[in-house]
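The values are calculated or read from the model by the stated rules, or taken from the named source; none is laboratory data. Given the structure is predicted, the values throughout are model-derived calculations rather than measurements. Positions of Cβ are backbone-derived with ideal geometry, glycine not excepted, and every protein chain shown enters the neighbour counts.
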Amino acid sequence: MISNKDITGLILAGGRAQRMSGIDKGLISLHGKPLIESAIAKLKPQVQTIVINANRNITKYAGYGYPVVMDETPDFSGPLAGFSVGLKACKTPYLLTTPCDSPLLPNALADDLLAEMERDDFELIYAYSKEADGKVWAQPVFRLMRSNLQNSLNQFLQKGDLKIDRWFKELRSSTVVFDDHQAFANVNTPEELKTLEAESV
């Protein structure tokens, strides 16, 4: 039986945020507090401990009291680079990853992904969100994976490939569909920030 004590939470705050004029997204204010604080508050009850992946403002992120790990690959290589250093830092059997800019992430994200992980011999489970009209969208950075996948991921990265879904195809993976699409709302543009502030009052 897997429990939340078997999970390390990884918050991805290492992106370049080009559509936000390069602002460090984890430090953008939503309702008066940085987005990283909302991510920590949501994730903390669901995991044993937290690691933050960041490539800028390291001292600020470290101020939250959790280890901060930087990408080992240059030039903001994307989520897979963050997953790689997160797996390296992970001391538990499982790693749960979320972005820093989705402050409404599901309170039962870990539990629901764990339930699917226990259903079969999967290596990785990731989320899908369902819109009101029934359309479903992959949310691949919201995922639970076994912490022994570092070699697999590093070999994939050495090929020069940064596409998340291509790595998934090399693994025994499955998905969980979440009905609350708003839980995965994130901030990629100033307009999305305004929308999220209005909808999350």
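Is it true that some residue in the stretch 93-115 is in a strand (DSSP E or B) and out of contact with any Gly (no Cβ under 9 Å at 6 or more places or on another chain)?
Yes, some residue in the stretch 93-115 is in a strand (DSSP E or B) and out of contact with any Gly (no Cβ under 9 Å at 6 or more places or on another chain).
Looking only at the stretch 149-190, count how many residues are without any contact (Cβ under 8 Å) to a residue 40 or more places away in the chain, not in a helix (DSSP H, G or I) and not basic (Lys, Arg).
3
With (1) among the aliphatic types (A, V, I, L, M); (2) surrounded by fewer than 21 Cβ atoms within 10 Å (Cβ to Cβ); (3) in contact with a strand residue (DSSP E or B) (Cβ under 9 Å, 6 or more places away or on another chain) as the list, and Leu162 as the residue in question, which single condition is left unmet?
Of (1) among the aliphatic types (A, V, I, L, M); (2) surrounded by fewer than 21 Cβ atoms within 10 Å (Cβ to Cβ); (3) in contact with a strand residue (DSSP E or B) (Cβ under 9 Å, 6 or more places away or on another chain), only one is false for Leu162: (3).
Scan Ile58, Ile52 and give me the residue that is closer than 21 Å to Ile28 by Cβ, under 14 Å from the mean Cα position of the chain (by Cα) and among the hydrophobic types (A, V, I, L, M, F, W, C).
Ile52
Could you tell me which residue of the stretch 166-186 is surrounded by the most Cβ atoms within 10 Å (Cβ to Cβ), considering only residues that are in contact with a helix residue (DSSP H, G or I) (Cβ under 6 Å, 6 or more places away or on another chain) and closer than 14 Å to Ala127 by Cα?
Top of the filtered list is Val176.
Which one of Ser152, Ser147 is farther than 20 Å from Val187 by Cα and in contact with a Pro (Cβ under 9 Å, 6 or more places away or on another chain)?
Ser147
Take the residues in the stretch 121-144 that are in a loop (DSSP other than H, G, I, E, B) and at pLDDT below 95, then tell me which one is nearest to the chain's Cα centre (by Cα).
The residue in question is Glu131.
Looking only at the stretch 63-72, decide whether some residue is at pLDDT 90 or above, surrounded by 16 or more Cβ atoms within 10 Å (Cβ to Cβ) and not in a loop (DSSP other than H, G, I, E, B).
Within the stretch 63-72, one or more residues are at pLDDT 90 or above, surrounded by 16 or more Cβ atoms within 10 Å (Cβ to Cβ) and not in a loop (DSSP other than H, G, I, E, B).
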